[in-house]
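Trainee: Just dropping this structure here.
The values are calculated or read from the model by the stated rules, or taken from the named source; none is laboratory data. Worth saying up front: this structure is predicted, and the values here are computed from it rather than measured. FYI the Cβ positions are ideal-geometry reconstructions off the backbone, even for glycines, and counts take in every protein chain you see. SASA here: full protein model, heavy atoms, side chains in, ligands and nucleic acids out. Shrake-Rupley method; radii C 1.70, N 1.55, O 1.52, S 1.80 Å.
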Amino acid sequence: MDPIRNPFAPGAGTQPPELAGRERLIEDARITLERTKQGRAAKSQLLLGLRGVGKTVLLNRLARLAQETAFETVVIEAPEDQALAALLVPRLRSLLFKMGSSAKAADLAKRALGVLRAFAKAFKVKVGDVEFTVDAQIGTADSGDLEADLPELLIEVTRATRSSGTALALFLDEVQYLSAADLTALITAVHKLGQQELPFAMFGAGLPQLAALAGNAKSYSERLFAYPEVGALGEEFAIEAIRAPVLREGVDIEQEALVRIATKTKGYPYFLQEWGKHAWNAASGSPIKASDVEVASVQALAELDKGFFRVRLDRLTPREKTYMRAMAHLGPGPHRSGDIAKALRRKVSAVAPLRNGLLKKGMIYSPAHGDTAFTVPMFDEFMRRSMPNWSPKAAGRRGK
């Protein structure tokens, strides 16, 4: 069928044509936003889930919901090895300049901008090639201790937003990449703003290990945040995610085709978009048939292998790839660390550095003590396709 009319466009954080099965999560976020705006206590949220489940999509949807609810929003993705201060400064600067044009908020926005300048100097943050200079408000958020300074900065910014009749919401993706010090400071800031009953809410998203990282950073984080789990869709919602966009284009699709897509993708939203895209392109006309899905499956896997899976594999060292291949040999997981070491014909202590490196890169996580699992769904199948000749026996020979 006409690829121009294809409703499916899989991408990083791209909104799907049908956001199925997430209504409860969105409603909970709406309640949090409304309570925050009214000055009532509400838990901030950290969305947890594997790659490809739509956490970024949801975070972007919640940011739009906040904007529609009269919030000022700051939206950030945390890349690896970048300081939180450097991520926050340019976005808060833009927000405060915009607020400075409001008669209601001008004075407090100017004060907050002075505090931001002091904060930026303390942490040597530059915007582009121009370093901030301090021309106001020395003594607030300028100690160089992020755990002390970040709450002071966000308190000043939130007071400015409140004076203009709005509230402030921070949306932070890939939170697990923050350093331990940055995560601690962020949690402390959320806590202190809540204690002062300021209209501030934070929504973050990250891999499943984020809950443990937050708990290690501050023991009270479990009382500060809600941790909604974003997982694969059940068959009903997976089918709806495909059927609804197709029907809106005036095209029909066989029930068997829908069931096959739901089964082959295991309900993971990103994979649903890939299969939907290729099933549409494979069909000669309406309805899309089960046979079209079989053709689409070959094409979708090839596309995933070249992109979604491959970009993650290419980040790994040869030894890390071998560790991941040993995991794949055991199946989808989770697996005991000792079983992975046994498959590699090595001692657990000998492969522990590899495991730690993969944890930091976000390729694996530990769902329970001593367990290891892939953060990317169906990655075990990809590893077996990409390293078909690997075997524990060969790994043992290389390890000697």
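Trainee: As I understand it, the value is the acute angle between the Cα axis of helix 180-195 and the longest principal axis of the Cα atoms of the chain; what does it come to in degrees, rounded to 10?
Mentor: 60
Trainee: Binning every alpha carbon pair distance of the stretch 65-121 at 5 Å from zero, what are the percents per bin?
Mentor: Pair shares across the bins are 4, 17, 23, 22, 18, 10, 4, 1.
Trainee: Provide the gained length on full extension for the span ASP2 to GLU147, in nm with one decimal, where the gain is 0.36 nm per separating residue minus the Cα-Cα distance.
Mentor: Gain on extension, ASP2 to GLU147, equals 46.7 nm.
Trainee: Using a Gaussian network model of the chain with C-alpha springs under 10 Å, which one of LEU354, LEU116, LEU47 is most mobile by mean-square fluctuation?
Mentor: LEU354
Trainee: Assuming 0.36 nm per residue, please report the length gained on full extension of the stretch GLN82 to ARG384 beyond their Cα-Cα distance.
Mentor: 105.4 nm
Trainee: How far apart, in nm, are two points set 7 Å out from the Cα along the Cα-to-Cβ line at LYS104 and at ALA70?
Mentor: 0.7
Trainee: While we're here: Please name whichever of ALA257, TYR220, ILE239 sits farthest to the positive end of the charge dipole of the stretch 213-260, dipole taken about the Cα centre and charges placed at Cβ: Lys and Arg +1, Asp and Glu -1.
Mentor: The Cα lying farthest towards the positive end belongs to TYR220.
Trainee: Continuing with the same structure: Tell me, what is the per residue accessible area of the stretch 206-360 in Å², probe radius 1.4 Å?
Mentor: 47
Trainee: Could you give the spread of the C-alpha atoms of the stretch 182-259 along their three principal axes, from largest to smallest, in whole angstroms?
Mentor: Principal-axis extents of the stretch 182-259 (Cα, largest first): 54, 27, 19 Å.
Trainee: Binned at 10 Å from 0, what are the whole-percent values of the Cα-Cα distance distribution for the stretch 270-393, short to long?
Mentor: The distribution over the stretch 270-393 is 13, 39, 26, 15, 7, 1, given as percents.
Trainee: Name the most mobile residue of ALA238, ALA160, ALA180, meaning the one with the largest mean-square fluctuation, in a Gaussian network model of the chain with Cα contacts below 10 Å.
Mentor: ALA180
Trainee: Can you grab the distance from the C-alpha centre of the stretch 27-71 to the C-alpha centre of the stretch 313-392, Å, no decimals?
Mentor: 34
Trainee: Once both axes come from the Cα atoms, what is the angle between helix 106-122 and the longest principal axis of the chain, in degrees from 0 to 90, rounded to 10?
Mentor: 70
Trainee: For the full complex of protein chains and a 1.4 angstrom probe, list LYS124, LYS98 by accessible area with the highest value first.
Mentor: My answer, sorted largest first, is LYS124, LYS98.
Trainee: If all Cα-Cα distances of the chain are sorted into 10 Å bins from 0 onward, what percent lands in each bin, rounded to whole numbers?
Mentor: 5, 20, 25, 23, 17, 8, 1, 0
Trainee: For the stretch 330-393, report the convex hull volume of the alpha-carbon atoms normalised per residue, in Å³, without decimals.
Mentor: Hull volume normalised by residue count: 82 Å³.
Trainee: Let me ask something else. With a 1.4 Å probe and all protein chains left in place, how much of the accessible area of the chain comes from carbon and sulfur atoms, in whole percent?
Mentor: 50
Trainee: Moving on to the next point. State, in angstrom, two size descriptors of the stretch 39-196 derived from its alpha carbons: Rg to one decimal place and Dmax to the nearest whole number.
Mentor: Here Rg and the maximum Cα pair distance are 15.3, 46 Å.
Trainee: If the viscosity is 0.692 mPa s and the temperature 37 °C, what Stokes-Einstein diffusion coefficient in µm²/s follows for the stretch 252-321 when Rh is the Kirkwood radius over Cα pairs?
Mentor: 257
Trainee: Something else about it: Using only Cα atoms and rounding to the nearest 10 degrees, what angle (0 to 90) does helix 269-282 make with the longest principal axis of the chain?
Mentor: Helix 269-282 sits roughly 50 degrees off the main axis of the chain.
Trainee: While we're looking at this one, here's another question. Work the Kirkwood hydrodynamic radius out for the stretch 216-255: mean of 1/r over every pair of different alpha-carbon atoms, inverted, in Å.
Mentor: Mean inverse Cα-Cα distance, inverted, gives 13.5 Å.
Trainee: Take the Cα pairs of the stretch 220-280, get the Kirkwood Rh, then feed it into Stokes-Einstein at 20 °C and 1.002 mPa s and tell me D in µm²/s.
Mentor: Working: Rh = 12.7 Å.
Diffusion coefficient, whole number: 169 µm²/s.
Trainee: Please name whichever of ALA185, PRO269, GLY144 sits farthest to the positive end of the charge dipole of the stretch 131-282, dipole taken about the Cα centre and charges placed at Cβ: Lys and Arg +1, Asp and Glu -1.
Mentor: Of the options given, the answer is PRO269.
Trainee: Express in nm, to one decimal, how much length is gained between ARG40 and LYS121 on full extension, taking 0.36 nm for each residue of separation and deducting their alpha carbon distance.
Mentor: 25.7 nm
Trainee: Summing +1 for each Lys or Arg and -1 for each Asp or Glu, what net charge is found among the other residues whose Cβ lies under 10 Å from the Cβ of VAL246?
Mentor: So the surrounding residues net to -1.
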